Amino acid sequence: TVLADNGCDVTVWTRRAEQADEINRHHTNSTYLPNVVLHERIRAVTDMAEALIGADIVVFAATSSSVREVARKAAGCIPQNAYVVHAVKGFERDTLKRISTILAEELARPESSIVVLSGPSHAEEVVRRCPTTVVAASMSKEAAEAVQDYFMNAYFRVYTNPDLIGVEVAGAIKNIIALGAGLSDGLGYGDNAKAALITRGLAEIGRLGQAMGAQLLTFAGLAGVGDLVVTCTSRHSRNWRAGSMLAGGMSLDEVLASMGMAVEGVGTTRAAYALSRRYGVPMPITEQLHAVLFEGKPPKAAVEALMGRVRTHESEEVAKAWLEAE
Ligand SMILES: NC(=O)c1ccc[n+]([C@@H]2O[C@H](COP(=O)([O-])OP(=O)(O)OC[C@H]3O[C@@H](n4cnc5c(N)ncnc54)[C@H](O)[C@@H]3O)[C@@H](O)[C@H]2O)c1
Ligand SMILES: O=P(O)(O)OC[C@H](O)CO
């Protein structure tokens with residue numbers, strides 16, 4: 001929608017002929033965006049080569065579990081000079097790789113050329129042209145600024161950031177915290193608990209991000225605290241909704257079956273749990289979510305475990321003077 005509003009002819013690739021047909025004939029995509037009329041410049045195809053022919057910019061918006069497969073299909077069809085952008089929030093389940101690493105591998109391009117577009121941006125609001133701000137992050141200033149120019153308009157404001165790793169890690173892990181916020185709300189724990197989850201969630205996102213090579217300040221930005229707040233508080237969030245359903249007593253399988261859409265936080269909890277061990281970074285909220293989702297721990301017991309942790313400083317960094325004096 002944003003690109004079409006900016007004058008681009010947009011071709012969407014989908015596996016399903018009936019979905020392409022609906023988009024082309026009726027300008028709707030009713031399963032995913034009910035009651036929305038799409039821009040006439042948006043057309044859909046099921047043939048990848050047709051989707052990519054002559055493209056100036058290619059946006060991957062698949063799920064983290066399917067993006068490698070989709071990129072493999074697209075490899076060889078993307079024009080040499082096209083910008084490659086992604087809006088995927090997660091890690092690859094088995095390899096724990098970031099999305100830009102997967103794209104670089106599959107498309108045989110340097111990771112430094114890839115751009116990630118991330119931030120507080122529920123599709124349901126963007127498509128209604130509600131004011132939205134995001135970050136275009138890339139190691140390449142030229143690529144980040146080109147993508148900024150493609151997307152910027154009166155309702156969609158894009159900032160640039162060279163910290164690709166930070167923006168990708170932030171976008172992925174906020175979904176775990178949103179699952180936790182949904183659980184907390186579903187249990188009736190109130191606003192203090194949710195604010196605590198957001199704040200301490202941000203602390204553990206920053207710790208892992210720094211260990212992976214990100215800059216801490218990125219987590220204070222749109223891809224960090226911005227997306228964390230929207231996903232933990234918005235009625236549009238699938239991750240929040242999944243958490244609240246779990247609190248209501250549904251099993252994980254029942255929740256995922258009833259959602260019918262991506263709940264990235266589930267796979268990302270597994271990945272972040274493994275990453276926290278790989279990098280030796282404490283991630284207590286992620287650890288408790290892992291226990292609830294995959295080890296059968298009751299959500300209330302997970303909250304008790306978080307509240308009962310051994311006393312600690314709010315930030316090792318801020319408490320440095322004390323720690324050095326000891
Ligand atoms: N929805 C949002 O508001 C939003 C905003 C920003 C980022 N994202 C991110 O975008 C990514 C996609 O999310 P979404 O909201 O579009 O999910 P979705 O569940 O609404 O749609 C995912 C689509 O991918 C298709 N798909 C699944 N496996 C596939 C495969 N192997 N090959 C081809 N297509 C396949 C599904 O059929 C479905 O049409 C996620 O990483 C999400 O975090 C979503
Ligand atoms: O609906 P969610 O929980 O997948 O969140 C969607 C976007 O990531 C919000 O920025």
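Observations
- Subset tally (residues that are within 16 Å of ligand 2 (Cβ to nearest atom) and surrounded by fewer than 18 Cβ atoms within 10 Å (Cβ to Cβ)) for the range 88-114: 0
- Residues of the range 167-196 that are away from ligand 2 (no atom under 16 Å from the Cβ), within 18 Å of Gly226 (Cβ to Cβ) and in contact (Cβ under 8 Å) with a residue 12 or more places away in the chain: none at all.
- Residues that are touching a Lys or Arg at 6+ places or on another chain (Cβ under 8 Å) and either surrounded by 18 or more Cβ atoms within 10 Å (Cβ to Cβ) or more than 14 Å from Ala87 (Cα to Cα) (or both) within the range 115-135 comprise Ser118, Pro131, Thr132, Val134, listed in sequence order.
- Some residue of the range 259-272 being part of a loop (DSSP other than H, G, I, E, B) and over 28 Å from Gly209 (Cα atoms): yes
- Once the range 125-153 is narrowed to residues that are farther than 22 Å from Gly224 by Cβ and part of a helix (DSSP H, G or I), the residue that is nearest to ligand 1 (Cβ to nearest atom) is Tyr150.
- Leading residue by the ranking (nearest to ligand 2 (Cβ to nearest atom)) among those in the range 273-285 that are in a helix (DSSP H, G or I) and either not small (Gly, Ala, Ser) or not assigned by TED's automatic domain parsing to the domain that holds Cys232 (or both): Ile285
- Residue within the range 242-258 that is touching a residue at least 40 places away in the same chain (Cβ under 8 Å), within 16 Å of ligand 1 (Cβ to nearest atom), among the β-branched types (Val, Ile, Thr) and not in a loop (DSSP other than H, G, I, E, B) present: no
- Test: residue in the range 93-116 that is touching a residue at least 12 places away in the same chain (Cβ under 8 Å), in contact with a helix residue (DSSP H, G or I) (Cβ under 7 Å, 6 or more places away or on another chain), in a loop (DSSP other than H, G, I, E, B) and farther than 22 Å from Asn161 by Cα: yes
- Annotation: Met259 fulfils all but one of (1) at pLDDT 95 or above; (2) over 16 Å from the mean Cα position of the chain (by Cα); the unmet one is (1).
- When Ala55, Ala44 are screened for being within 14 Å of ligand 1 (Cβ to nearest atom), surrounded by 18 or more Cβ atoms within 10 Å (Cβ to Cβ) and assigned by TED's automatic domain parsing to the domain that holds Ala136, only Ala44 passes.
The values are calculated or read from the model by the stated rules, or taken from the named source; none is laboratory data. Here the structure is a predicted model, which means the values were calculated and not measured. Quick reminder, even Gly has a Cβ in these numbers, built from the backbone with ideal geometry, and neighbours come from all protein chains shown.
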